[in-house]
Amino acid sequence: MNFCIYLIVFAFIQLETIKSEETIQDLKTKIDELKSKLEELEKSHKVYPKVKFFPLNDQKRILITGGAGFVGSHLVDRLMREGHRVTVADNFFTGTKSNIEHWIGHPNFELINHDIVNPLYIEVDEIYHLASPASPPHYMYNPIKTIKTNTIGTINMLGLARRVKARLLFTSTSEVYGDPEVHPQPETYWGNVNPIGPRACYDESKRVAEAMCYAYAKQERVQVRIARIFNTYGPRMNLNDGRVVSNFILQSLRNENITLYGDGSQTRSFQYIDDLVNGLVSLMNSNYTKPVNLGNPDEYTVHQLATIIRDMIGNRNEIIMKEKMEDDPQRRKPDITIAKEHLNWEPKVTLTDGIQRTVEYFRRELNKNKNNQHNGETSNMHNFYYLSANEEVEVKNKNYKIEL
């Protein structure tokens with residue numbers, strides 16, 4: 001009996017020893033895995049784009065409102081690489097962190113999640129005031145918010161500029177000319193705008209913002225610069241922003257028919273984003289105080305643009321005409337004489353080269369979205385998500401709330 005008990009105890013001790021050895025081996029394996037993960041993290045230490053070195057006293061402190069958006073993020077790149085200290089204020093209504101994530105953590109860069117309808121109190125030397133939805137679907141989505149951003153937001157930025165004695169550049173728009181009766185449009189043209197149409201929330205709020213800038217310049221001696229920006233395209237455009245360039249590229253890459261609103265005879269002038277950024281920086285650094293057109297004077301019909309993009313991507317789908325949008329301008333082309341004379345600026349990138357770069361960007365983003373869907377992840381490449389008719393019905397049936 002005692003011998004049996006001895007055997008049982010001995011077997012139990014052996015079993016526990018084996019378990020203990022297995023546990024130790026498991027721990028060793030986990031430790032090795034953690035070591036390899038730490039090594040990978042050390043290797044993937046964030047590397048920032050190269051920037052110029054400026055002594056602290058020579059660096060400008062620059063605020064960019066709307067700096068996480070399409071235009072703003074490219075301006076951030078330019079000013080950061082020049083060695084300045086850049087602060088971005090953005091509420092991410094149309095902007096996205098992915099546009100500026102390569103600067104997050106850099107000692108010269110700061111990101112503030114802020115809506116400029118509310119006052120902002122910081123110390124800066126220059127203000128690039130870009131904050132505003134700019135494409136028709138975005139600014140028409142919440143017209144009152146668009147008006148508030150361009151009026152109350154602009155007053156707040158002008159007040160900040162007055163308090164800290166900063167120079168302010170306001171990005172206005174070619175939409176202040178409305179459906180022009182003068183062609184091409186010089187800065188002296190007062191425009192032909194429908195004050196109560198669907199675009200009025202954007203057109204008229206930009207016009208009153210310009211008036212505010214010059215009121216502050218005359219009454220409070222604030223240094224202001226006004227850029228009237230014409231159609232701009234390039235990488236980091238929102239894929240679903242509703243503009244003709246993004247629409248045509250997206251439809252062509254998806255092998256869909258291309259949609260035109262109207263007969264396609266309306267004209268536009270398209271400038272590449274790099275040219276615009278060069279113009280904005282030149283204007284800020286200039287002594288010219290009146291409005292300046294920044295756009296490409298090469299004029300194309302919308303139908304020509306659709307054909308160029310379709311042929312470049314290589315599909316042969318149909319170009320379908322739909323009903324013309326209300327208040328859609330028939331012709332749009334900038335007179336850039338003032339920009340040439342006073343800023344020594346004119347566009348350099350041809351439409352073919354610019355569209356090619358933009359198509360490559362869209363292709364990469366679409367591939368990312370596909371990979372994210374396959375991995376069960378949520379894509380952050382869009383700020384607005386559009387449901388199909390069936391999905392809308394499904395959402396309504398389930399009483400879900402759609403938050404854009």
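The values are calculated or read from the model by the stated rules, or taken from the named source; none is laboratory data. Given the structure is predicted, the values throughout are model-derived calculations rather than measurements. FYI the Cβ positions are ideal-geometry reconstructions off the backbone, even for glycines, and counts take in every protein chain you see.
Observations on the structure shown:
- Candidates in segment 90-113 are the residues that are more than 23 Å from F54 (Cα to Cα) and of a type in the set (G, A, S); of these, the one that is nearest to the chain's Cα centre (by Cα) is G95.
- Of the numbered criteria (1) assigned to a loop (DSSP other than H, G, I, E, B); (2) at pLDDT 50 or above, the one Q356 fails is (1).
- Among the criteria (1) touching a strand residue (DSSP E or B) at 6+ places or on another chain (Cβ under 6 Å); (2) modelled with pLDDT under 95; (3) of a type outside the set (V, I, T), the one P136 does not fulfil is (1).
- Options L160, L120: the member that is farther than 20 Å from V71 by Cα, buried (at least 21 other Cβ atoms within 10 Å of the Cβ), aliphatic (A, V, I, L, M) and at pLDDT 95 or above: L160
- Residue match in segment 127-143 (condition: free of Cβ contacts under 8 Å to residues at least 24 places away in the same chain, under 30 Å from M325 (Cβ atoms), over 16 Å from the mean Cα position of the chain (by Cα) and in a loop (DSSP other than H, G, I, E, B)): yes
- Test: V222 is in contact with a Lys or Arg (Cβ under 7 Å, 6 or more places away or on another chain) and touching a residue at least 24 places away in the same chain (Cβ under 8 Å): yes
- E392 falls short on exactly one of the conditions (1) at pLDDT 95 or above; (2) part of a helix (DSSP H, G or I); (3) more than 22 Å from the chain's Cα centre (by Cα), and that condition is (1).
- For segment 178-237, a tally of residues being assigned to a strand (DSSP E or B) and modelled with pLDDT of 95 or more returns 9.
- Test: residue in segment 308-330 that is part of a helix (DSSP H, G or I), of a type in the set (G, A, S) and either touching a residue at least 24 places away in the same chain (Cβ under 8 Å) or within 30 Å of R364 (Cα to Cα) (or both): no
- Residue among F53, F92 that alone is farther than 20 Å from P119 by Cα and outside any helix (DSSP H, G or I): F53
- Candidates N118, N156: the one that is of a type in the set (S, T, N, Q) and in a loop (DSSP other than H, G, I, E, B) is N118.
- Taking the numbered list (1) free of Cβ contacts under 8 Å to residues at least 60 places away in the same chain; (2) in a helix (DSSP H, G or I); (3) within 26 Å of the chain's Cα centre (by Cα) in turn, Y300 passes all entries but (2).
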